[in-house]
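J.: Sharing a structure with you now.
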């Protein structure tokens, strides 16, 4: 007997195995299709049975159909059964004389369901024809449908043309995504299979509006019961997206997406509406946005709602539109945190039109009101800064009260350069008083007073301890920034004090330092300890008089207003 090649045998076995698997797979698919067909047949049978009961009568059109030469090819009866879908198809002989390019179709459910009890379609009329497939948002049940066609004489006016009743036998719920004429004119299309969906806390809205230009916006309006929230988001390359928080807890939220009204400035018209059934019980606080948000081209990416919990440090992220007014000049934003009577101001840089940074909730546990602001853009120098809030929200903090130890605006006590210098200055010192004296001495001896900065009000938003350390010059605030940063880096509580000082005939704004030593607050003014001004020039003349001065004597020249954070 001729021996078979073992490789051929293996290949034959492998092919047989594959054929067997393929046959099994084909069989499984076939069974699934059979079941699906069986289910379809089941509802088609129900349609036939229901239609027998109804004794189908022809659909009648109103007299207005004769005026404009309108006919309906589908449907053909005024009451009938359907299996989940009905197509409405018609012709209008005198369509060119109508005041609108849309047919208005209204569908109402006899029974209220989670997806509401009504839905409207605006169907384009093209070359005198219109066609619309409608589905049934509450599944099985009775629905009334009205077809209205536009007036020949009045804008935004429609006349009843036909009405009919549908008995849907299919339990599947499908709420179509529909668009108003404003939405269709804007080329609106949201990415959603249904306009009723179940969600959990957040809905990821995505869509396009092909006819809107870059720089234009869409408005979001979220409603539940008596609560309403609105927000405006940009359109870029004809697209938009936003994670919409479902603020108001469990239940259906209605989200309207609106587009700009071309005829009215700062006015929006509804493009589409979605029903979002939130399954979460959690309630969230909406962020309050001001006009500056849009005017200055801000997009706040995080947070998207208020009421977040934090361990004492909080991050905000976002972008600035380079095309917006002052977009290229906006190189920082301000963060105001307020808890009760305590308030702090932080600065976050904007780099490449993006901000992404953290700030401290420095006053301990509790509820903070946070306001984000853009700066006033000025050409001239100034000794004061104005800014305009664009967003306000709340944050719940569980962090400790370390207000006088944490880094703050202008006080980068966590910077490696500051920490290294602080360690060098305090090395070998026996107690906090000696450490504080070493920091006073260093600041007063190594920083020169910048007379020009004071005279010309050449203050900058990024004035800070690091800047002072690098430039070795500054005014009173800069001496104070550096001293406070070095103290905090040495684990000594320190405060930036603002007030007035009388060095001549007239008092001037001034800043100095307080450090907590042996449980008591010690005063130091390294600016006045560094020297004096003569003939508009700084004369370096270090003295120790303003380290822990006699309070009564100090108050003769210094008036304390309070602590600045």
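The values are calculated or read from the model by the stated rules, or taken from the named source; none is laboratory data. As the structure is a prediction and not an experimental result, all values here were calculated from the model. FYI the Cβ positions are ideal-geometry reconstructions off the backbone, even for glycines, and counts take in every protein chain you see.
J.: I'm checking my understanding of the structure. Among residues of segment 394-407 that are farther than 15 Å from residue 345 by Cα and buried (at least 20 other Cβ atoms within 10 Å of the Cβ), which one is nearest to the chain's Cα centre (by Cα)?
T.: Checked segment 394-407; the qualifying residue nearest to the chain's Cα centre (by Cα) is 395.
J.: For residue 243, state whether it is under 24 Å from residue 320 (Cα atoms) and touching a strand residue (DSSP E or B) at 6+ places or on another chain (Cβ under 7 Å).
T.: The answer is yes for residue 243.
J.: Please note which strands (runs of 3 or more DSSP E) are completely contained in segment 303-383 and include at least 3 residues that are modelled with pLDDT of 95 or more and either crowded, with 18+ Cβ neighbours inside 10 Å or within 16 Å of the chain's Cα centre (by Cα) (or both).
T.: Filter on segment 303-383 gives 313-320, 332-339, 342-349, 354-360, 366-375.
J.: Can you work out which of the residues in segment 207-230 that are under 28 Å from residue 113 (Cα atoms) and within 14 Å of the chain's Cα centre (by Cα) is surrounded by the fewest Cβ atoms within 10 Å (Cβ to Cβ)?
T.: Per the stated criteria, the residue is 230.
Conditions (1) closer than 24 Å to residue 433 by Cα; (2) over 51 Å from the mean Cα position of the chain (by Cα), marked per residue:
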residue	(1), (2)
525	yes, no
535	no, yes
538	no, no
542	yes, yes
547	yes, no
550	yes, yes
553	yes, yes
565	yes, no
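J.: Now a separate question. Inspect segment 226-244 for any residue being within 30 Å of residue 77 (Cα to Cα) and either modelled with pLDDT of 95 or more or assigned to a strand (DSSP E or B) (or both) and give the result as yes or no.
T.: The first filter runs over segment 226-244 and keeps only residues within 30 Å of residue 77 (Cα to Cα), leaving none.
The answer is no; no qualifying residue exists.
J.: Follow-up question, since we're still on this one. Do the conditions hold for residue 485, that is, is it over 25 Å from residue 556 (Cα atoms), in contact (Cβ under 8 Å) with a residue 60 or more places away in the chain and in contact with a helix residue (DSSP H, G or I) (Cβ under 7 Å, 6 or more places away or on another chain)?
T.: When the stated conditions are applied, residue 485 passes them.
J.: Quickly run through segment 248-273 and pick out the residues that are at pLDDT 95 or above and either surrounded by fewer than 15 Cβ atoms within 10 Å (Cβ to Cβ) or farther than 26 Å from residue 321 by Cβ (or both).
T.: Within segment 248-273, 248, 249, 250, 251, 252, 253, 254, 273 qualify.
J.: Just a yes or no: is a residue in segment 389-407 outside any loop (DSSP other than H, G, I, E, B) and within 23 Å of residue 457 (Cα to Cα)?
T.: no
J.: If the requirement is being under 30 Å from residue 326 (Cα atoms), free of Cβ contacts under 8 Å to residues at least 40 places away in the same chain, touching a helix residue (DSSP H, G or I) at 6+ places or on another chain (Cβ under 8 Å) and surrounded by 15 or more Cβ atoms within 10 Å (Cβ to Cβ), which of these qualifies: 410, 474?
T.: Result: 474 is the single residue among 410, 474 that is under 30 Å from residue 326 (Cα atoms), free of Cβ contacts under 8 Å to residues at least 40 places away in the same chain, touching a helix residue (DSSP H, G or I) at 6+ places or on another chain (Cβ under 8 Å) and surrounded by 15 or more Cβ atoms within 10 Å (Cβ to Cβ).
J.: Which residue is surrounded by the most Cβ atoms within 10 Å (Cβ to Cβ), if the candidates are limited to segment 88-116 and must be within 28 Å of residue 198 (Cβ to Cβ) and either at pLDDT 95 or above or over 38 Å from the mean Cα position of the chain (by Cα) (or both)?
T.: That would be 107.
J.: Then there's this: From the list 557, 527, 523, which one is more than 19 Å from residue 486 (Cβ to Cβ) and either touching a residue at least 60 places away in the same chain (Cβ under 8 Å) or assigned by TED's automatic domain parsing to the domain that holds residue 463 (or both)?
T.: Working: 527 fails: more than 19 Å from residue 486 (Cβ to Cβ); 523 fails: more than 19 Å from residue 486 (Cβ to Cβ).
Just a single option satisfies the conditions, and that option is 557.
J.: Could you tell me whether residue 176 is farther than 14 Å from residue 101 by Cβ, without any contact (Cβ under 8 Å) to a residue 24 or more places away in the chain and assigned to a loop (DSSP other than H, G, I, E, B)?
T.: no
J.: For segment 68-82, indicate whether the set of residues that are assigned to a helix (DSSP H, G or I), under 28 Å from residue 147 (Cβ atoms) and modelled with pLDDT of 95 or more is non-empty.
T.: There is at least one residue in segment 68-82 that is assigned to a helix (DSSP H, G or I), under 28 Å from residue 147 (Cβ atoms) and modelled with pLDDT of 95 or more.
J.: Considering only segment 131-173, how many residues are surrounded by fewer than 16 Cβ atoms within 10 Å (Cβ to Cβ), more than 39 Å from the chain's Cα centre (by Cα) and either modelled with pLDDT under 95 or in a loop (DSSP other than H, G, I, E, B) (or both)?
T.: 3
Matching residues to (1) touching a residue at least 40 places away in the same chain (Cβ under 8 Å); (2) touching a helix residue (DSSP H, G or I) at 6+ places or on another chain (Cβ under 9 Å); (3) assigned by TED's automatic domain parsing to the domain that holds residue 271; (4) over 22 Å from residue 180 (Cα atoms):
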| residue | (1), (2), (3), (4) |
| --- | --- |
| 81 | yes, yes, no, yes |
| 93 | no, yes, no, yes |
| 103 | yes, no, no, no |
| 149 | yes, yes, no, no |
| 162 | yes, yes, no, no |
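J.: I've got another one for you. Would you be able to say whether some residue in segment 430-449 is out of contact with any strand residue (DSSP E or B) (no Cβ under 9 Å at 6 or more places or on another chain), assigned by TED's automatic domain parsing to the domain that holds residue 527 and over 22 Å from residue 547 (Cα atoms)?
T.: Going through segment 430-449, the residues out of contact with any strand residue (DSSP E or B) (no Cβ under 9 Å at 6 or more places or on another chain) turn out to be 430, 434, 438, 442, 446.
Filter again for assigned by TED's automatic domain parsing to the domain that holds residue 527, leaving 430, 434, 438, 442, 446.
The next check asks that each one be over 22 Å from residue 547 (Cα atoms); those that pass are none.
There is no residue in segment 430-449 that is out of contact with any strand residue (DSSP E or B) (no Cβ under 9 Å at 6 or more places or on another chain), assigned by TED's automatic domain parsing to the domain that holds residue 527 and over 22 Å from residue 547 (Cα atoms).
J.: Taking into account only those residues within segment 263-285 that are without any contact (Cβ under 8 Å) to a residue 24 or more places away in the chain and at negative phi, which is farthest from the chain's Cα centre (by Cα)?
T.: 263
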